[in-house]
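Single-structure report; data block below.
Taken together, the values in this text are just the output of simple stated rules run on the coordinates, not laboratory data. The shown structure was predicted, so the numbers you read here are calculated from the model rather than taken from an experiment.
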Amino acid sequence: MDMAMSLFCYSSKSSPELQKIIDLIEGRHQEIFKSKFLFSRAWDISLTQKEIAHDHGFDANSFFLINYNDKSATGLSPTVIGLIKKTLGADDVLVLFEAEELR
């Protein structure tokens, strides 16, 4: 059985502001995201998620997932993370995979 792979993304932005940015990223980079990755909607962060972000020295207000739709796309992870950090601002997002920070 294949395990689902996801990037856990924490943002300092509000969830409505974050959702607009997610929509922008998906629209501008359809060649990457349309078939290989799926974005969740942005939502307000839970207390548990806030604690996880704090464990990594980050103050989060919202959260979203990037799910790998195509397991062979793992090689694109640095590109995806780079796009997320460039668009959101490197200091305004924390990206985790299996509880490890990805830079």
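Some notes on this structure:
- Taking the longest Cα principal axis of the chain as reference, the axis of helix 77-88 is set at about 50 degrees.
- Nearest 10 degrees, 0 to 90: helix 15-28 Cα axis against the chain principal axis: 20
- Distance cut-off 20 Å, percentage of C-alpha pairs in region 1-74 lying past it: 36
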